Amino acid sequence: MRRSMVVGNWKMNGDKAQASTLIREAIVTQAELDAADVVLCPPFVLIPQVVDGCIDTEIDVGGQNLNLNKDGAHTGEISGSMLSDQGCRYVIVGHSERRSLYGDTDMVVGKKAALANSFGLRPIICVGETQAERESGSTAMIVQRQVQAIFDEAGIHIFPDAILAYEPIWAIGTGQTATPDQAQEVHGLIRKLIKQHSSRLAEHTLLLYGGSVKADNAQDLFVMGDIDGGLIGGASLNPDDFREICRATQG
Ligand code: PGA
């Protein structure tokens, strides 16, 4: 039985005051949940505040990215070991904004996932197709290629610690959510791809959906057989919406 998970990806948003409010509400929310985990992924500079605020709670904290190197002359960058040292247990890897704006290729994403794992961080690895790729019928091929790169660069041993998030790019921040059937179809494919390596690991790996998840569509998505929770962007900055989305994991 997989435990549901809701991850709040604050992206480059928030200040200390907003973080305090979001932490407070997330603590209340997590305490209400039976079989679901809540993870908050604030911008790097807010990580110490969120880690401190969540001490002695069930809430975990994650980074939004890590550098491909362990340390050294990489001005402005943050390594996996630093995230780990600050108390993070998770890190988002290969978000489509990193892929499209900052050059994270499939290979880089796979290597970052491996590096995260080596620092004891659970990578939340994002995959997903563009609108044009969906319209041309290439969704399965694209997702398969992205997942294959994870096996090639990081290996099956990072599962089931590694989490995969299916985030169709056309649904991110657009208000245009994938339908539950569209999302389930791709989640089913991803689980099948992991199963080709190991049935047991496929069964235990969490697959999250991300892309315009809101309070009013979360439950319909989360009831699907291969959707184990959500990676939430915009709605994770609104405490009421985030709470409703977390509650939606309870069916
Ligand atoms: P969204 O973002 O919920 O605002 O669509 C999701 C994400 O980018 O992780």
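What to note about this one:
- Residue in segment 126-142 that is within 16 Å of the ligand (Cβ to nearest atom), in a strand (DSSP E or B) and within 17 Å of the chain's Cα centre (by Cα) present: yes
- Some residue of segment 15-35 being touching a strand residue (DSSP E or B) at 6+ places or on another chain (Cβ under 9 Å), under 20 Å from residue 102 (Cβ atoms) and open to solvent by less than 10 Å² (accessible area, probe 1.4 Å): no
- Inside segment 195-214, residues that are part of a loop (DSSP other than H, G, I, E, B) and under 18 Å from the mean Cα position of the chain (by Cα) make up a count of 6.
- Check on residue 172, open to solvent by 20 Å² or more (accessible area, probe 1.4 Å), of a type in the set (A, V, I, L, M, F, W, C) and touching a residue at least 40 places away in the same chain (Cβ under 8 Å): yes
- Scanning segment 221-251 for residues that are open to solvent by 10 Å² or more (accessible area, probe 1.4 Å) and part of a loop (DSSP other than H, G, I, E, B) yields a total of 8.
- Selection count, segment 80-95, where residues are open to solvent by less than 70 Å² (accessible area, probe 1.4 Å) and either free of Cβ contacts under 8 Å to residues at least 40 places away in the same chain or in contact with a strand residue (DSSP E or B) (Cβ under 6 Å, 6 or more places away or on another chain) (or both): 10
- Applying the condition of being touching a Cys at 6+ places or on another chain (Cβ under 9 Å) and either part of a helix (DSSP H, G or I) or within 14 Å of the ligand (Cβ to nearest atom) (or both) to segment 108-125 and asking which residue is farthest from residue 43 (Cα to Cα) yields 109.
- Filter result for residue 211 (more than 24 Å from residue 32 (Cα to Cα), within 16 Å of the ligand (Cβ to nearest atom) and open to solvent by less than 20 Å² (accessible area, probe 1.4 Å)): yes
- Among all residues of segment 182-194, there is at least one that is among the small types (Gly, Ala, Ser) and within 16 Å of the ligand (Cβ to nearest atom).
- If you filter segment 151-194 down to residues that are of a type in the set (Phe, Trp, Tyr) and outside any helix (DSSP H, G or I), you find that the one that is nearest to residue 1 (Cα to Cα) is 159.
The values are calculated or read from the model by the stated rules, or taken from the named source; none is laboratory data. As the structure is a prediction and not an experimental result, all values here were calculated from the model. Methodologically, a virtual Cβ is constructed for each residue, glycine included, from the backbone with ideal geometry; neighbour enumeration extends over all protein chains shown. Surface areas here come from the heavy atoms of the whole protein model, side chains and all, with no ligands, DNA or RNA. Shrake-Rupley method; radii C 1.70, N 1.55, O 1.52, S 1.80 Å.
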